[in-house]
Amino acid sequence: MNRIPRIRFDALAAYARPTAAPLPSDEVAWYQNEDCDVLGVLREDASLQYSGAIFARDPLGRFQLVSHTDSFDTLERAVAAMHMAASDATAEVERTPRLHGDETGPVDFFAPRVSVEKMHPRFRLIESGRGHNAAREIISSLMRCYDDRDGNFVEQFQSTGFDARIWELYLYALLIEAGYSVSFPDQAPDLLAIGREHRFGIEATTINPSIINGQTVDAPRPKTPQEVDDYFANYLPIRFAGPLTGVSDKRWIWRGGH
């Protein structure tokens, strides 16, 4: 097991952390095996006892919490125990794939759903992998646990709805890393976050570029002080009004108590 920064663990498996009850310990170190199918987290509790948690990929590529080590009074003993537990988990992954109960396969954001001509230019940059391998890897990790509830997420992600769908993915990752359990209700809101103390819904919206006669119209770029004042006083309020009004008109947000 090789030590990794927390930011990498979060990118790979933040969603696998238990969130139903407060954890009586703090994470102090993170690890992954050579094939990146087993991860480890070292924890320290209030009594200065150390223990390890092991996460392994299931057949769909999603990480699950699979085991804990005992608690130890020294960091070195806890690390040694975690390495042994990780070796056992690696052997288990290689020998018997873990079943998840709903093996329908993860949503593949990059499998072509639209023609090349309809693909959003920024999606094509990420999809090609040229200079965007890190972004593609993070998105690929997210797609293993993201629920395409309406069946058109991937199509929109690849074409006209790229900006809006990226925004949803960002919010999802942000909430997961903040320790919330995130679900996707059948109707609304877009995301329902449940934490140890709070529960709330989020309706994600974006302000998309104007399109006239099939062509995208670039936003103005003010240069003079007068143009800047006009931009903030007139242009932005008009551009924000439509999306925000559309969201506020969804009365289910307030009736649902989220």
Fill in: Nearest-0.05 FRET efficiency for Asp186 and Leu75, computed from C-beta distance (R0 35 Å)
0.15
Fill in: Label point distance in nm, Phe110-Leu48, each placed 7 Å from Cα along Cα→Cβ
4.7
Discussion item. What would the Debye equation give as log₁₀ I(q)/I(0) for the range 167-247 at q = 0.21 Å⁻¹, counting only Cα atoms as equal point scatterers?
Written reply: -0.96
Discussion item. Using 5 Å bins from zero, what percent of all Cα-Cα pairs in the range 193-235 falls into each bin?
Written reply: 5, 15, 13, 14, 13, 10, 8, 10, 10, 3
Response to the item:
Once Ile238, Ile207, Ile176 are ranked on solvent-accessible area with the largest value leading and a 1.4 Å probe, the list reads Ile238, Ile207, Ile176
Worksheet item: Taking the radius of gyration and the Kirkwood hydrodynamic radius from Cα positions alone, what is the Rg/Rh ratio for the range 115-242, to two decimal places?
Response: 1.03
Worksheet, complete the sentence: Computed over the chain, the Cα gyration tensor eigenvalues, each multiplied by 5 and square-rooted, give semi-axes in Å (largest first) of 40, 22, 19
Worksheet item: So how tilted is helix 162-177 from the main axis of the chain? Cα-based, degrees 0 to 90, rounded to 10.
Response: 30
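Given a Förster distance of 30 angstrom, what is the FRET efficiency for Asp35 paired with Ile138, based on the Cβ-Cβ distance and rounded to 0.05?
0.95
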Fill in: Two-site label geometry, Arg221 and Tyr170: point separation in nm, points 7 Å out along Cα→Cβ
2.0
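For Phe123, what is the net charge nearby, where nearby means another residue's Cβ is under 12 Å from its Cβ and Lys, Arg count +1, Asp, Glu -1? Mind dumping the intermediate values first?
Numbers: positive: Arg113, Lys118, Arg122, Arg124, Arg136, Arg165; negative: Glu127, Glu155, Asp163.
That sum, taken over residues with Cβ under 12 Å, equals +3.
I want the local charge near Trp30. Using Cβ-Cβ distances under 10 Å, sum +1 for each Lys or Arg and -1 for each Asp or Glu among the other residues.
On the way: positive: Arg3, Arg6, Arg8; negative: Asp10, Glu27.
Local charge sum for Trp30: +1.
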Worksheet item: What is the local net charge at Gln49, summed over the other residues whose Cβ is closer than 10 Å to its Cβ (Lys, Arg +1; Asp, Glu -1)?
Response: -3
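What do you reckon, how do Met1, Met143, Met82 stack up by accessible area (1.4 Å probe), largest on top?
Met1, Met143, Met82
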Response to the item:
With no solvent term and unit scatterers on the alpha-carbon positions of the range 123-194, Debye gives log₁₀ I(q)/I(0) at q = 0.14, 0.26, 0.27 Å⁻¹ of -0.45, -1.36, -1.42
Worksheet, complete the sentence: Residue by residue through the range 185-196, the couplings from Karplus 6.51 cos²θ - 1.76 cosθ + 1.60 with θ = phi - 60°, in Hz, x for Gly and Pro, are x, 4, 9, 6, x, 4, 9, 10, 9, 10, x, 6
Worksheet entry | Accessible area of the chain belonging to carbon and sulfur atoms, whole % at 1.4 Å probe | 52
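The values are calculated or read from the model by the stated rules, or taken from the named source; none is laboratory data. What you see is a predicted model, and the numbers here were worked out from it, not measured in a lab. Positions of Cβ are backbone-derived with ideal geometry, glycine not excepted, and every protein chain shown enters the neighbour counts. SASA here: full protein model, heavy atoms, side chains in, ligands and nucleic acids out. Shrake-Rupley method; radii C 1.70, N 1.55, O 1.52, S 1.80 Å.
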